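K.L.:
For reference, the structure I am asking about is given below.
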Amino acid sequence: MKWDELAQTPNVVQNYEMLRTSGILDAIEEYRSVNASLESLLQEAYEIFRQESVDKLIDLIIRYLSEKFIPSSMLFVLNEGIMINRIKILAYRNMKGVELPEELNRIDTLEPFEHFFRTYTGSTSFLIMEEELGATGCLDPFRNFRPEIAVPVLGISGLYGMILFGPKILGEEYNTREIAYIDRLIRFTSIAIQNTIHYEHSVKDSKTGLYNHNFFSNRISEQTARSRRSQTPFSVIVLDIDRFKKFNDSYGHLAGDEVIINLASTLKKTVREGDIVSRFGGEEFTVLLPAAGSSEAYMASERIREAVQMMETRYQGNLLKVTVSLGIATFNPYEKSGDLNLLKRADKALYQSKKNGRNRSTLFRSGLLHKAGGLERKARN
């Protein structure tokens, strides 16, 4: 029987005063409150585990916290790398994202905090961190955010990061229940963050952050099946940096790596939301364009080509520029050819772009390699 029903029974009504003065009613209300909080936390945990990226996960955590209390500042300091450090810091004031100060941008490792959080594995006063780590200077970049509570993000590989809470906006101290809530919420968050990081490393190229070829191939297979069901086309672009071997011979492989990283960033900014960009290998990249016919794919290819042509990479005092050649193939849902054949067609179109002078887009159509819409362009080298 639920408490609301039980409270209406004659025995409880007759003995209400005795139950109240003995504290039993207060204890029952406390248990009900705790139970409701735990049910809410479990629902929040369910939503936390459903998030597909660290950014979406943090947005959700911010929303949950703002429903309970509002810290005047928060810092998320996370290592998104596994084999190498890739520190990501997000800063908030009054629950709104703010630009990072220069001193936070310089943080490139969590190593100074590893030993501390082996001992303090839950929510900890920042004053304790000050006592143990203050002399090392590693806490100096955080002081402008006036942190009061530090919570580690711990996982199977050790310390994935930490979250720092500034004082509450109304100036009140965090009470025991709020600290317990933070501790429980971040424990779920820690698991979700490490799962997200490990998943992303299984499907993404470590150097560029783009999807890897295995993930791309799986998405093409899925898109092929979807396209056949909906009878709508989709397209694939394969692109390659022109004369990249000669570039590496001239400037060195480290310069080449910087160009590849910059190119990956340019691709992500140039494609539509929902397009899938991957690193095929070396200096070759692929783009999946869902629901894009040949004319839209050609225009997308030209946007990419022009963006790369305008791209500049600075390395050791040199201003480096490259161009790319691109091949495009569009999937016909009424044709029996498979997704592997589509990539082969795009690759043939890429070869034709190289053959015809580089720095151009070529569209594969019905066994013929030619420019879409008669928009043949001269090579720009």
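The values are calculated or read from the model by the stated rules, or taken from the named source; none is laboratory data. Bear in mind the structure is a predicted one, so any value in this text is a computation, not a measurement. All Cβ positions, even for glycine, are placed from backbone atoms using ideal geometry, and neighbour counts span all protein chains on display. These accessible areas exclude ligands, DNA and RNA; they are computed on the full protein's heavy atoms, side chains included. Shrake-Rupley method; radii C 1.70, N 1.55, O 1.52, S 1.80 Å.
K.L.:
Quick one: work out Rg over Rh on the C-alpha atoms of the stretch 43-186, Rh as Kirkwood radius.
P.N.:
0.93
K.L.:
Each label point is 7 Å from the Cα along the Cα-to-Cβ direction; what then is the distance between the points at residue 43 and residue 232, in nm?
P.N.:
3.4 nm
K.L.:
If you stretched the chain out fully between residue 201 and residue 93, how much longer would it get, using 0.36 nm times the residue separation minus the C-alpha to C-alpha distance?
P.N.:
Contour length minus Cα-Cα distance gives 35.8 nm.
K.L.:
Oh, and also: Could you tell me which of the pairs 207/336; 88/355; 204/344 are separated by over 32 angstrom between their Cα atoms in the structure shown?
P.N.:
Among 207/336; 88/355; 204/344, the Cα-Cα distance tops 32 Å for 207/336; 88/355.
K.L.:
For a quick check of understanding: with a 1.4 angstrom probe and all protein chains in place, what accessible area in square angstrom does residue 178 have, to the nearest ten?
P.N.:
30 Å²
K.L.:
So, with a 1.4 angstrom probe, what is the percent of accessible area on the stretch 197-270 that is carbon and sulfur?
P.N.:
48 percent
K.L.:
Quick one: which residues, 5+ away or cross-chain, put their amide H under 5 Å from the amide H of residue 149? H built at 1.01 Å from N.
P.N.:
Here the answer is 126, 165, since their amide H atoms fall under 5 Å of that of residue 149.
K.L.:
If contacts are Cα pairs under 8 angstrom and at least 6 residues apart, what is the relative contact order of the chain in percent?
P.N.:
12 percent
K.L.:
How much accessible area per residue does the chain have, in Å², with a 1.4 Å probe?
P.N.:
Using a 1.4 Å probe on heavy atoms only, each residue of the chain averages 54 Å².
K.L.:
Ordered by residue, what ³J(HN,Hα) values in Hz, to whole numbers, does the stretch 134-140 give under the Karplus form 6.51 cos²θ - 1.76 cosθ + 1.60, where θ = phi - 60° and Gly and Pro are x?
P.N.:
With coefficients 6.51, -1.76 and 1.60, one gets x, 5, 7, x, 6, 8, 4 Hz.
K.L.:
Do you know the relative contact order of the stretch 52-113, to the nearest whole percent, from alpha carbon pairs under 8 angstrom that are 6+ apart?
P.N.:
Relative contact order here is 26 percent.
K.L.:
Moving to a separate point now. So what is the 222 nm mean residue ellipticity for the chain from helices alone, if each DSSP H run of at least 4 adds -39500 (n - 2.57) and you divide by all residues, rounding to the nearest 500 deg cm²/dmol?
P.N.:
After summing the helix terms and dividing by the residues of the chain, the value is -15500 deg cm²/dmol.
K.L.:
Okay, moving on. May I ask you to list the residues of the stretch 177-220 whose amide nitrogen lies under 15 Å from a point 7 Å from Cα along the Cα→beta-carbon direction of residue 315?
P.N.:
Hits in the stretch 177-220 for residue 315 at 15 Å: 207-208.
K.L.:
Can you give the accessible area of residue 228 in Å² (nearest 10), computed on protein heavy atoms with a 1.4 Å probe?
P.N.:
90 Å²
K.L.:
How large, in Å, is the chain by the Kirkwood hydrodynamic radius built from its alpha-carbon pairs?
P.N.:
Hydrodynamic radius (Kirkwood, Cα only) of the chain equals 24.8 Å.
K.L.:
Counting only the heavy atoms of the protein chains, how much of residue 299 is accessible to a 1.4 Å probe, in Å² to the nearest 10?
P.N.:
Accessible area of residue 299: about 110 Å².
K.L.:
Straight distance only, please: which lysines reach the Cα of residue 68 with their own Cα at less than 25 Å, same-chain residues fewer than 8 apart left out?
P.N.:
56, 96, 168
K.L.:
Set the Förster radius R0 to 56 Å, insert the Cβ-Cβ distance between residue 175 and residue 265 as r into 1/(1 + (r/R0)^6), and round the FRET efficiency to 0.05.
P.N.:
0.80
K.L.:
Then there's this: Note down the magnitude of the dipole of the chain about its Cα centre, charges +1 on Lys and Arg C-beta and -1 on Asp and Glu C-beta and zero elsewhere, to the nearest 20 debye.
P.N.:
For this selection, approximately 2780 debye.
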